[in-house]
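Asker: Before anything else, here's the structure in question.
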Amino acid sequence: MPIRVSSLLEFSRTRPFTIEAVNLAKTARAVMPLVENEAKINGVGIAVTIEEQTPPVRASAFELQQIFINLIVNAIQAMPSGGTITISVEPAGQDNVAVIIKDTGQGIEPAISEKVFEPFFTTKPPGKGTGLGLAICRRIAGQFGGSLSLASPGKGQGTTAVLTLIKAG
Ligand SMILES: Nc1ncnc2c1ncn2[C@@H]1O[C@H](COP(=O)(O)OP(=O)(O)OP(=O)(O)O)[C@@H](O)[C@H]1O
Ligand SMILES: [Mg+2]
């Protein structure tokens, strides 16, 4: 999967970035062509319900796209026999919004729900995953002033990634 590998390598190369006001609907539109093919091959449908008027968030456009890509690719890979990803935005208090990326995949056992954020932690076969994706995504979300967590009711019951970001302006 060349897209995943090159974007992760690009992503892990820490580059300085500036915080700007980023439109979430536009971010989702920009990443869709990059994940579409892998979704299709795996029988995964992606439904995005982010309204154009959703308040912009404090982020760097490129890094935010990389976070979306990593979370979506993780979701696709958690659904080897197909499923659905829904991407939406919800208000989170007065100053924040939450981007919710929900899948219907293999889920995460409670015992490893925090471990997945450790650098190099992967459940993928050797050569398939670096285990860096979520560690980098969480670090960058923190640099935006936000946070990233994953929740799953348990094995086989899907996973929800919650990316909280600060409203711009
Ligand atoms: N949506 C998800 N559903 C189920 N498990 C997940 C999901 N996202 C992440 N995980 C688990 O967390 C682990 C770590 O994810 P992370 O993105 O950090 O690395 P990776 O996907 O294994 O490797 P890479 O990101 O380099 O391809 C995964 O190996 C998987 O076990
Ligand atoms: Mg990953």
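The values are calculated or read from the model by the stated rules, or taken from the named source; none is laboratory data. Treat the numbers as computed from the prediction; the structure is a model and nothing was measured. Here the Cβ is made from the backbone with ideal geometry for all residues, glycine too, and neighbour counts use every protein chain on show. Accessible surface areas use protein heavy atoms only, side chains included; no ligands, DNA or RNA. Shrake-Rupley method; radii C 1.70, N 1.55, O 1.52, S 1.80 Å.
Asker: Translational D (Stokes-Einstein, µm²/s) of the stretch 45-126 at 10 °C and 1.306 mPa s when Rh comes from the Kirkwood sum over C-alpha pairs?
Answerer: D = 109 µm²/s.
Asker: Sort the following peptides by mean Cβ neighbour count (other Cβ atoms within 10 Å, averaged over residues), highest first: 139-148, 67-76.
Answerer: Answer by packing, highest mean first, reads 67-76, 139-148.
Asker: List the relative contact order of the chain as a percent without decimals, with contacts defined as Cα pairs under 8 Å and 6+ residues apart.
Answerer: Details: 322 pairs, mean separation 40.2, N = 169.
Once normalised by length, the contact order is 24 percent.
Asker: Let me ask something additional. Net charge around F144, counting only other residues with Cβ within less than 9 Å of its Cβ (Lys, Arg = +1; Asp, Glu = -1)?
Answerer: 0
Asker: Give, as a single signed number, the net charge of other residues whose beta carbon lies under 15 Å from the beta carbon of G105, with Lys and Arg counted +1 and Asp and Glu -1. Could the numbers behind the result be given before it?
Answerer: Values: positive: K102, K124, K155; negative: E38, D103, E109.
Neighbour charge sum, excluding G105 itself: 0.
Asker: Then there is this: Working out 0.36 nm times the residue gap between K40 and T160, then minus their Cα-Cα distance, what length gain in nm do you get to one decimal?
Answerer: 41.2 nm
Asker: Please work out the Cα convex hull volume for the stretch 2-166 and give it in Å³ per residue.
Answerer: 107 Å³
Asker: Show me 101-113, 25-37 ranked by packing, highest mean number of other Cβ atoms within 10 Å first.
Answerer: Result, highest mean first: 101-113, 25-37.
Asker: Hey, can you find the accessible area per residue of the stretch 11-169 for me, probe 1.4 Å, expressed in square angstrom?
Answerer: For the stretch 11-169, the per-residue accessible area is 51 Å².
Asker: Hey, any idea what % of the stretch 2-166's accessible area is carbon plus sulfur with a 1.4 Å probe?
Answerer: 56 percent
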